[in-house]
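**Q** This is the structure, below, for whatever I ask next.
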Amino acid sequence: MDDGQERVDGGGPVESGGPVGPVGATRGDAPAGGMPGRAPGDETPGGGAGVDGTGAGGVPRQSRSGEPAGDVYDWFRRGAQLLAQGHPAAAEQLLARAVAAEPHSRSIREALARAQFDAGSYAAALGNFRAVALADPADDYAQFGWGVAAARLGDFETSAEHLALAVAMRPESDHYRQALRQTRATLAARAGAYGPLLPGAPGYAAPPAGAEGPTGGPADDAGTGNGADDGA
């Protein structure tokens, strides 16, 4: 659309790359074990309204064909509500249908990524956060999601790269900065897990002549002695 917004069938506007307000907590109210939401005030229009057509326990009713009742926007809103209520697996099912119907909606894809992350499907979440971030590299939340999903998969180098981008774009976010600190601490711990390199090991650089050795005495030029004069 010319106004920079995307619409899903039968509903109000969902901003391209915009926030998904009803999908859980805000930055200052992160659920335990789950991803924090966007900043307060970034809500999608109409996203927090009530949802019609839901059955017992908030699970949406299905049509005879097995497809959830309603249209794509209803699926998005119901999935967001389920995620906010702590049902990420159920939310993932609805939001996956919505993404299949509206694959270019970054807001719906971001909501799906959050549901997948909270459900423990980290590879799938990373793929969707990555798609949002590639479509809009200035989306700090997508960069953050990419980074934390990569960390859960053990790829801390990629995690640090994207978390640093998120922090650079929104330095006031405590969640962004905390996640980056944790990733960098993990990288530092891994780098030092085997202790300092010993003389003769690949990558070892001998200290310059006259430099102090580890005990405070002069270091051996060859890096193999005990710091004493061999001719003494």
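**Q** Could you put Asp118, Asp174 in order of accessible surface area, largest first, with the 1.4 Å probe and the full protein assembly present?
**A** Most to least solvent-accessible, the answer reads Asp174, Asp118.
**Q** Just by accessible area at a 1.4 angstrom probe, what is the order of His87, His175, His104 from largest to smallest?
**A** His104, His87, His175
The values are calculated or read from the model by the stated rules, or taken from the named source; none is laboratory data. Everything numeric here is computed off the predicted structure, so don't read it as measured data. Remember, those area values only see protein heavy atoms, side chains included, never the ligands or the DNA or RNA. Shrake-Rupley method; radii C 1.70, N 1.55, O 1.52, S 1.80 Å.
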